[in-house]
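Undergrad: Please find one structure pasted underneath; my questions will follow.
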Amino acid sequence: MAILEHDHVDPHADPERIVRAVSHGLANRLLAIRCYAELAALADADSVRQELDSLLRVTDETAALVRELASTVREAVSKTGHGMGALDTCITRLFPDEMLLDGGTTR
Amino acid sequence: MSTEITCVLADDHPAVLDSVGRYLAAEGVAVVGAAANGNAAEALVLEHRPDVALLDAAMPDLSGVEVLRRTAYQVPETAIVLYTGSSDAALAREALDAGARGFVRKDAPLADVLRAINTVVAGGVYIDPCVAGALRSAGSDERALSPRELDVLRLLAEGLRYAEIGKKLFISDETVRTHVQHATAKLGARSRTEAVVLAVRKSLIA
């Protein structure tokens, strides 16, 4: 992955922040998937296509994200000593908004 | 005359804003405003004065709790429900102390969001069962009671009504009711009378 080409040890990598960003980012996407699925179930014949399109779009986006996440974690695991830095960099790219969130009580 | 519940929704994730907003609308809730950040949420709550505001706890510019703090005294009729991916008891306690009427996790069944909205609009408090459990296991005891909740319990013990307590403390009847509900929940009491009795028994109030 391109993001790992400039892999480096990042002493400032914050495991808690990484976990929080991934958790928050995935929770939002899974919530959207559940909502669109529910909307599709509630839809009538005229609008079900639109709801299914939304469901497909957010599901595809989430699947791509999870695949990339899995690949990144695999790389990080294989690079002892460098893993957290690579993971931190990649998670920042995959979940940019969530990585900006503060810890503590802003979740 | 419409009796539809009005709601302002805020979340920084576009898909959540769209999908939850449309889900609520499909279930009969009138979403009068949708905000992608905390500042916009504050403005929409002040403008529309909805029955309920469902706020993402984690927004980059202004958290849901901050929006709550900024609007609680200006729009006491709006019940604030925090919607969060976290089950952190500390966040729940902070939100409840700030006056939140509801706390729902994003991984809860969608029906729970509707249940929370209906509960708070009816004057109750809704706390996600997982979070309530975390609050209890974190030692939800007298230390969790805020000074304001203790003031309200003390005045209740003196036999004052909500309106009289509100007048004494310069807060609305509704805010008094919220403090009583929070104190009752924190003490694990089933009624406000039991909450007062427990508070006296634990020497939290004279």
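Undergrad: I'm trying to understand the selection: among the residues of segment A:24-47, which are farther than 15 Å from B:Val16 by Cα and either facing chain B (nearest Cβ under 8 Å) or open to solvent by less than 60 Å² (accessible area, probe 1.4 Å) (or both)?
TA: Of everything in segment A:24-47, those that are farther than 15 Å from B:Val16 by Cα and either facing chain B (nearest Cβ under 8 Å) or open to solvent by less than 60 Å² (accessible area, probe 1.4 Å) (or both) turn out to be A:Ala40, A:Leu42, A:Ala43, A:Ser47.
Undergrad: Within segment B:72-92, count every residue that is more than 9 Å from chain A (Cβ to nearest Cβ) and outside any strand (DSSP E or B).
TA: Residues meeting the conditions: 10.
Undergrad: Regarding B:Ala100, is this residue open to solvent by less than 20 Å² (accessible area, probe 1.4 Å), within 11 Å of chain A (Cβ to nearest Cβ) and either out of contact with any Pro (no Cβ under 6 Å at 6 or more places or on another chain) or part of a helix (DSSP H, G or I) (or both)?
TA: The answer is no for B:Ala100.
Undergrad: Still on this structure: For segment B:24-80, enumerate the residues that are over 18 Å from the mean Cα position of the chain (by Cα) and among the polar types (S, T, N, Q).
TA: Passing the criteria: B:Asn37, B:Asn39.
Undergrad: Okay, moving on. Quick check on segment B:14-29. Is at least one of its residues farther than 15 Å from B:Arg115 by Cα, assigned to a loop (DSSP other than H, G, I, E, B), within 13 Å of chain A (Cβ to nearest Cβ) and open to solvent by 30 Å² or more (accessible area, probe 1.4 Å)?
TA: No - not one qualifying residue is present in segment B:14-29.
Undergrad: In segment A:63-96, how many are modelled with pLDDT under 80 and within 14 Å of another protein chain (Cβ to nearest Cβ)?
TA: 0
Undergrad: Which of the helices (runs of 4 or more DSSP H) contained wholly in segment B:121-206 include at least 3 residues that are modelled with pLDDT of 85 or more and out of contact with any Ser or Thr (no Cβ under 9 Å at 6 or more places or on another chain)?
TA: Of the helices (runs of 4 or more DSSP H) lying wholly inside segment B:121-206, those with at least 3 residues that are modelled with pLDDT of 85 or more and out of contact with any Ser or Thr (no Cβ under 9 Å at 6 or more places or on another chain) span B:147-157, B:162-169, B:173-187.
Undergrad: Among the residues of segment B:73-89, is any surrounded by fewer than 19 Cβ atoms within 10 Å (Cβ to Cβ), at pLDDT below 90 and on the phi > 0 side of the Ramachandran plot?
TA: no
Undergrad: Counting only residues that are more than 11 Å from every other protein chain (Cβ to nearest Cβ) and either open to solvent by less than 50 Å² (accessible area, probe 1.4 Å) or at pLDDT below 95 (or both), how many does segment B:50-71 have?
TA: 10
Undergrad: Among (1) of a type outside the set (D, E, K, R); (2) touching a strand residue (DSSP E or B) at 6+ places or on another chain (Cβ under 9 Å); (3) closer than 18 Å to B:Gly38 by Cβ; (4) outside any helix (DSSP H, G or I), where does B:Ala95 come up short?
TA: (4)
Undergrad: Further question on the same structure: Being open to solvent by 60 Å² or more (accessible area, probe 1.4 Å), modelled with pLDDT of 95 or more and assigned to a helix (DSSP H, G or I) is the requirement here; does B:Glu47 meet it?
TA: Details: open to solvent by 60 Å² or more (accessible area, probe 1.4 Å): yes; modelled with pLDDT of 95 or more: yes; assigned to a helix (DSSP H, G or I): yes.
Answer is yes for this residue.
The values are calculated or read from the model by the stated rules, or taken from the named source; none is laboratory data. Here the structure is a predicted model, which is why all the values come from computation and not from measurement. FYI the Cβ positions are ideal-geometry reconstructions off the backbone, even for glycines, and counts take in every protein chain you see. Accessible surface areas use protein heavy atoms only, side chains included; no ligands, DNA or RNA. Shrake-Rupley method; radii C 1.70, N 1.55, O 1.52, S 1.80 Å.
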